[in-house]
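Peer 1: I am attaching a structure below and will ask some questions about it afterwards.
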Amino acid sequence: MIVIPAIDLKNGKCVRLVQGNMDQETVYSDNPLQMARHWQDLGAELLHLVDLDGAIEGMPRNLDLIREIVKGLSIPVEVGGGIRSLETIDAYIREGADRVVIGTRAVEDPDFLTQACRRFPGKIIAGIDARNGYVAVQGWTQVTGRLATDFALEIQGQGVSAIIFTDIHRDGMQTGPNIESTRALAESVTIPVIASGGISSLEDIRALMRIEPSGVTGAITGRALYSGAMDLREAIALTKAGG
């Protein structure tokens, strides 16, 4: 399992939200590139980068900053937030992003997800964000009537390289990940699943490692690293040691 630090961009700054609420933000850095390099220096093998402004507006809003971060690191970067066209995917990949995360457009237009996977093989991650088990879209502002596990099954054969599963109620709360929901989703598909939301301690990492056989291959964490509740080096060492 890999521990993946997250950087969320809003108005050019590195922030963390509470349950995806854009009005409940904490600014952790005015220099996201410096923060990205900090996580890289601590041993991060992959960075999760989200354009929060883009997620709300449906188009990239921090492209120049994302370009600067991607080119300023030696580790791969996955990018999400407002990726709703093939042109946007192409732009991010040309700028050096290793993979891109498609959420809202994947839910609303399955054919688009299929096209993206065919045009950019191995580069597409599906983002499944759930509130009370149901898929949320448009920067988590709208909840659909589709169960997260059902949607995961629907997209299984389309060629996505991984699924990032986020429990919105846990995100930014440091209350621990939703282990049962994450396991259930991972066991329902053959696609690797990356857990997100609420991961805040080494015990949370251990809990996720116990369901690694179900197909959980990564853990995205943000607020816990910024607040000091969890040390990235220790978390990475734990996964390397096998628990």
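The values are calculated or read from the model by the stated rules, or taken from the named source; none is laboratory data. For clarity, every value in this text was computed on a predicted model and none was experimentally measured. FYI the Cβ positions are ideal-geometry reconstructions off the backbone, even for glycines, and counts take in every protein chain you see. For accessibility, only protein heavy atoms count, side chains too; no ligands or nucleic acids. Shrake-Rupley method; radii C 1.70, N 1.55, O 1.52, S 1.80 Å.
Peer 1: Got a number for carbon plus sulfur as a percent of the chain's accessible area, 1.4 Å probe?
Peer 2: 45 percent
Peer 1: Which value, in debye to the nearest 20, gives the size of the charge dipole of the chain about its Cα centre, when Lys and Arg are +1 and Asp and Glu are -1 at the Cβ?
Peer 2: Here the size comes out at about 300 debye.
Peer 1: With each label point set 7 Å from Cα along the Cα-Cβ vector, what nm distance links Arg233 and Met209?
Peer 2: In this crude label model, Arg233 to Met209 measures out at 1.8 nm.
Peer 1: Using r as the Cβ-Cβ distance of Glu154 and Ser201, and R0 as 22 Å, what FRET efficiency do you calculate, to the nearest 0.05?
Peer 2: Computed FRET efficiency for Glu154 and Ser201: 0.10.
Peer 1: On a full-extension model of 0.36 nm per residue, what is the gain between Tyr134 and Arg118, subtracting their alpha-carbon distance, rounded to one decimal in nm?
Peer 2: 3.1 nm
Peer 1: Amide H of Ile164: which non-local residues (sequence gap of 5 or more, or other chain) have their own amide H closer than 5 Å, using H built in the peptide plane?
Peer 2: So Ile164 has HN proximity to Ala126, Gly127, Ile128, Ile194.
Peer 1: Add +1 for every Lys or Arg and -1 for every Asp or Glu among the other residues with Cβ under 10 Å from the Cβ of Thr104, and state the total.
Peer 2: -1
Peer 1: Can you tell me the Rg and the Dmax, both Å, for the Cα atoms in the stretch 178-234?
Peer 2: Every Cα atom of the stretch 178-234 included, Rg and Dmax give 11.4, 34 Å.
Peer 1: Right, another one. Compute the accessible area per residue over the chain, keeping the other protein chains in place, probe 1.4 Å, unit Å².
Peer 2: 40 Å²
Peer 1: Compute the length gained on full extension between Thr141 and Asp111: take 0.36 nm times their separation in residues and subtract their Cα-Cα distance, giving the result in nm to one decimal.
Peer 2: Contour length minus the Cα-Cα distance gives 8.5 nm.
Peer 1: Let me ask something additional. Give Lys71/Lys123; Lys10/Lys71; Lys71/Lys240 a once-over and call out the pairs whose C-alpha atoms are over 25 Å from each other.
Peer 2: The pairs that break the limit, which is 25 Å between Cα atoms, are Lys71/Lys240.
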